[in-house]
1. Taking 1 over the mean of 1/r across every pair of different Cα atoms in the range 15-96, what Kirkwood radius in Å do you get?
2. Roll a 1.4 Å probe over the protein heavy atoms and report the accessible area of Val22 in Å², nearest 10.
3. Test of understanding: what is the full-extension gain from Asn57 to Ser14, defined as 0.36 nm times their sequence separation minus their Cα-Cα distance?
4. With θ set to phi - 60° and the Karplus curve 6.51 cos²θ - 1.76 cosθ + 1.60, what are the ³J(HN,Hα) couplings of the range 73-79 in order, to the nearest whole Hz, using x for Gly and Pro?
5. What accessible area per residue, rounded to a whole number of Å², is obtained for the chain using a probe radius of 1.4 Å?
6. Using amide H atoms built 1.01 Å from N in the peptide plane, name the residues 5+ places from Val8, or on other chains, whose amide H lies under 5 Å from its own.
Amino acid sequence: LSASPGNVSLRGNSTAVYTVTVAPSGGFTGPVQLYISGLPTGASGSFNPNPATSNTNWASTLSVTTSGVKKGSYTLTITGTSGSLASSTTVSLKQH
């Protein structure tokens with residue numbers, strides 16, 4: 001699981017957009033459900049599509065809206081799960 005860009009800086013009430021990519025291996029073909037954690041108070045995150053599948057080229061767009069978020073730097077953890085398998089990656093969000 002990977003995400004880009006690795007960090008986003010925002011001013012005011014804005015939306016950070018990250019591309020989340022699943023790199024399946026060993027013949028894996030199952031859907032990957034995506035989750036976000038570490039969001040600061042006032043922020044919300046959503047994936048489109050969710051889950052990521054081979055039909056979506058193993059990619060999803062994460063949009064994080066920062067309405068009313070205090071200035072600071074935040075580390076967000078993106079986790080993908082499928083059955084007992086799990087993988088995660090982190091990205092940074094800086095609110096000015």
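The values are calculated or read from the model by the stated rules, or taken from the named source; none is laboratory data. As the structure is a computational prediction, the values presented were derived from the model and not from experiment. In case anyone asks, the SASA skips ligands and DNA or RNA and just uses the protein heavy atoms, side chains included. Shrake-Rupley method; radii C 1.70, N 1.55, O 1.52, S 1.80 Å.
1. In the range 15-96 this quantity evaluates to 13.3 Å.
2. Taking all protein chains as shown, Val22 has close to 20 Å².
3. Once the chain is fully extended between Asn57 and Ser14, it gains 12.8 nm.
4. With the stated coefficients, the range 73-79 comes to 10, 10, 9, 9, 10, 9, 10 Hz.
5. Each residue of the chain exposes 54 Å² on average to a 1.4 Å probe.
6. Amide H neighbours of Val8: Ser92, Leu93, Lys94.
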